[in-house]
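Here is the structure we will look at, set down as structure tokens.
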Amino acid sequence: MIAILRKSAPREAVESLISWIQDKGLETHVSHGENETIIGLVGDTTRIDPFLLESMDIVERVQRVSEPFKKANRKFHPADTVVDCGHGVKIGGGHFQVIAGPCSVEGDNLVRIARRVRAAGATMLRGGAYKPRASPYAYQGMGPEGLSLLREAADELDMPIVTEIMDPRDVQTFIDHRIEVMQVGARNAQNFPLLKEVGRTRTPVLLKRGMSGTIDELLMAAEYIMSEGNDNVILCERGIRTFETRTRNTFDLNAVPVLHYLSHLPVVADPSHATGYTRYVEPMALAACAAGADGLEIEVHDDPEHAWSDGAQALTPDQFDRTMERIRAIRSVVAPSGDDRA
Ligand code: PEP
Ligand code: MN
């Protein structure tokens, strides 16, 4: 961390700032330039609140030198992380997977949808048994019964499950149902007790970007999980809230290459929640593939008009068949030599 001081900073004030920093256990390197004085802070800079430092009268600006995320940082882990989701399904480092299924687990239709998405080439089954809804009166999900339905369908089809966890108290229930991938949704991207609790397991976590979360906040959320010992984190870009109203969210496809640049973790893109409308899901799924995503999460429902949630953005199984064909076509161009391709 570097503190750039104001030109007018009196010598005594500079000295007392240096002692304040040193009292926190950090070393200081001071350089007196012609126009400004710069203090380099060396050591455990987490002991310093950069905003407090910058609020001091003699400080003009504070600049971080290293990122606050360490375990998720590609600098310290140059090779791509490959997350093993079980059932022979790996993601990251050239392994590309498509996660598909309904928004909510609703009942017997789950297995029918699962068979169709499996036949089309999806390799992981999604479906929410615990639903984060803006209204407490909206459908909240089937709970443990929904997890059992997912388990039955996934076992029949030999697919790993991706399903959302909202409450740290549910971790054991997810483990009891052998859930292969726990999804932490956009609304929980800064639910720190939940991030820590899933971090104490070794179950892979699909971590979605918060609705108004920056890329750095997503990486710090991953850091929460990893700092507890769970390195099996998959990042997910699902669109962010902006002033645009023609789509449910604004798909920030920049995040895909940016996350790959900053982090070694696999990056999945979710064109369903990012766009909110069936008609936009395929083009944006293809764009995400072209941008280098390691996987896609796509909502599919066999009767979208009667879906219990997110019917407006669901692909029908027939539409999904076509989208998968096109995904394969894009993948054959952008990653022609990989194995494990969808
Ligand atoms: C979901 O995947 O069904 C979901 C609720 O996603 P998000 O957290 O991205 O809104
Ligand atoms: Mn949904």
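Quick one: would you say Glu60 is farther than 23 Å from Leu157 by Cα and not β-branched (Val, Ile, Thr)? So Glu60 fits the description; yes. Annotation note: of Arg6, Arg47, Arg11, the sole residue that is among the basic types (Lys, Arg), on the phi < 0 side of the Ramachandran plot and touching a residue at least 24 places away in the same chain (Cβ under 8 Å) is Arg6.
Please verify whether Gly276 is in contact with a Phe, Trp or Tyr (Cβ under 7 Å, 6 or more places away or on another chain), closer than 20 Å to Cys103 by Cβ and not β-branched (Val, Ile, Thr), treating the condition exactly as stated. Against the criterion (in contact with a Phe, Trp or Tyr (Cβ under 7 Å, 6 or more places away or on another chain), closer than 20 Å to Cys103 by Cβ and not β-branched (Val, Ile, Thr)), Gly276 does not qualify.
On inspection, Gly127 does not qualify as more than 30 Å from Val300 (Cβ to Cβ) and either of a type in the set (D, E, K, R) or touching a residue at least 12 places away in the same chain (Cβ under 8 Å) (or both). You will find that of Tyr224, Tyr261, the residue that is aromatic (Phe, Trp, Tyr) and over 30 Å from His177 (Cα atoms) is Tyr261 and no other.
For first residues located in the range 302-321 and closer than 17 Å to Leu125 by Cα and of a type in the set (A, V, I, L, M, F, W, C), partners that are more than 16 Å from ligand 2 (Cβ to nearest atom) and in a helix (DSSP H, G or I) and lie 6+ apart or on another chain with Cβ distances below 8 Å form the pairs Leu315/Glu282; Leu315/Thr323; Phe320/Arg116; Phe320/Ala120. Under the condition of being within 17 Å of Met226 (Cβ to Cβ), polar (S, T, N, Q) and surrounded by fewer than 18 Cβ atoms within 10 Å (Cβ to Cβ), the residues counted in the range 164-202 number 1. Only residues that are open to solvent by 20 Å² or more (accessible area, probe 1.4 Å) and either within 13 Å of ligand 1 (Cβ to nearest atom) or on the phi > 0 side of the Ramachandran plot (or both) were counted across the range 107-120, and they come to 0. Residues of the range 203-232 that are open to solvent by less than 10 Å² (accessible area, probe 1.4 Å), more than 14 Å from ligand 1 (Cβ to nearest atom) and assigned to a helix (DSSP H, G or I): Leu219, Ala222, Ile225, Met226. Looking across the range 151-162, the residues that are surrounded by 13 or more Cβ atoms within 10 Å (Cβ to Cβ) and free of Cβ contacts under 8 Å to residues at least 40 places away in the same chain come down to Arg151, Ile161. Look at the range 212-232: where a residue is without any contact (Cβ under 8 Å) to a residue 12 or more places away in the chain and a partner is open to solvent by less than 60 Å² (accessible area, probe 1.4 Å), sitting 6+ places away or on another chain with Cβ atoms under 9 Å, you get Thr214/Ile240. Exactly one residue out of Arg169, Arg118 is among the charged types (D, E, K, R) and closer than 16 Å to Val300 by Cα, and it is Arg118.
The values are calculated or read from the model by the stated rules, or taken from the named source; none is laboratory data. Quick caveat, the model's predicted, so the values are computed rather than measured. FYI the Cβ positions are ideal-geometry reconstructions off the backbone, even for glycines, and counts take in every protein chain you see. Ligands, DNA and RNA are stripped out before the accessible areas are found, and what is left, the full protein with its side chains, is counted by its heavy atoms. Shrake-Rupley method; radii C 1.70, N 1.55, O 1.52, S 1.80 Å.
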